1. Quick one: net charge around Ala81, please, counting Lys, Arg +1 and Asp, Glu -1 for every other residue with C-beta under 14 Å from its C-beta.
2. First compute the accessible area of the range 25-180 with a 1.4 Å probe, then give the percent of it belonging to carbon and sulfur atoms.
3. Please compute the modelled spin-label separation between Gln171 and Asn109, points set 7 Å along Cα→Cβ, answer in nm with one decimal.
4. Could you sort Phe150, Phe103 by accessible area so the largest value comes first, with the probe set to 1.4 Å?
5. Roughly how big is the chain's charge dipole about its Cα centre, with Cβ charges of +1 (Lys, Arg) and -1 (Asp, Glu), in debye to the nearest 20?
6. Counting heavy atoms of the protein chains only and a 1.4 Å probe, report the per residue accessible area for the chain as a whole number of Å².
7. Distance cut-off 28 Å, Cα to Cα: go down the list Lys21/Lys167; Lys15/Lys166; Lys4/Lys64; Lys82/Lys167; Lys66/Lys115; Lys115/Lys167 and report the pairs above it.
8. Please compute the net charge surrounding Val60, taking Lys and Arg as +1 and Asp and Glu as -1 over other residues with Cβ under 14 Å from its Cβ.
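The values are calculated or read from the model by the stated rules, or taken from the named source; none is laboratory data. Remember, it's a predicted structure, so these values are computed and weren't measured experimentally. Every residue, glycine as well, gets a Cβ built from its backbone with ideal geometry; the counts of neighbours run over all protein chains shown. Just the protein is used for accessible areas: all its heavy atoms, side chains included, with ligands, DNA and RNA removed. Shrake-Rupley method; radii C 1.70, N 1.55, O 1.52, S 1.80 Å.
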Amino acid sequence: IGAKEARAGYKRDAKREFQDKEIVLSVDLQKVIMLPILPGLKSAIFCRRLVFFNESFVPVGACKGKGLGVIWHEAIAGRSAKNIASTFINVMEYERFRDKEIFTFWADNCNAQNKNWWLFSALVNYVNSKKAKNPVKMITVNFFVPGHGFMSADSFHHQVEQGIRKKINVQDFYDMKEII
């Protein structure tokens, strides 16, 4: 599928009616954020900075609800394939989505880092697990091609960036958690 077909599929999902047990989410890892963010103090204070990650899951179109940021920092985990795959499982088990049986994800393609293989393996394992907190019946993962343009996760990231500018001094992980 090319860029035009993927974009058309995303637009179709944004316009269609959804079943109660279904959710369509765009997924994107926000650019890496280094903490603390202390404008104007950079030249006066030198300290180790913490790498902060935000994998955003944002409803598409008529799907109701707010976006959800799965957040962590480098002391917890990195951004390897297994770390990214675990964010999908966390979202499906999150209380707001626990009543959903059908998940559709729109995501950037990560085949260069072999993350898709990890993701598919984790999702198959989750669906077939007897220990899963959410009995998911169907998962669809749609991938955009590079240069795909806008998706709902982009507006969520913009809101996070506005929150950072509004707060001015973001000192630690808990400040970022409050913003997100």
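1. On the way: positive: Arg79, Lys82, Lys115; negative: Glu55, Asp108.
Overall, the nearby charge balance is +1.
2. Working: 4870 of 8990 Å².
Here it works out to 54 percent.
3. According to this spin-label approximation, the distance is 4.6 nm.
4. The ranking, largest first, comes out as Phe150, Phe103.
5. Using Cβ point charges on Lys, Arg, Asp and Glu, the chain gives about 40 debye.
6. 60 Å²
7. Distance filter (> 28 Å) returns Lys21/Lys167; Lys15/Lys166; Lys82/Lys167; Lys115/Lys167.
8. Details: positive: Arg7, Lys11, Arg12, Lys15, Arg16, Lys64, Lys66, Lys100; negative: Asp13, Glu17, Glu22, Asp28, Asp154.
Here the charged neighbours net out to +3.
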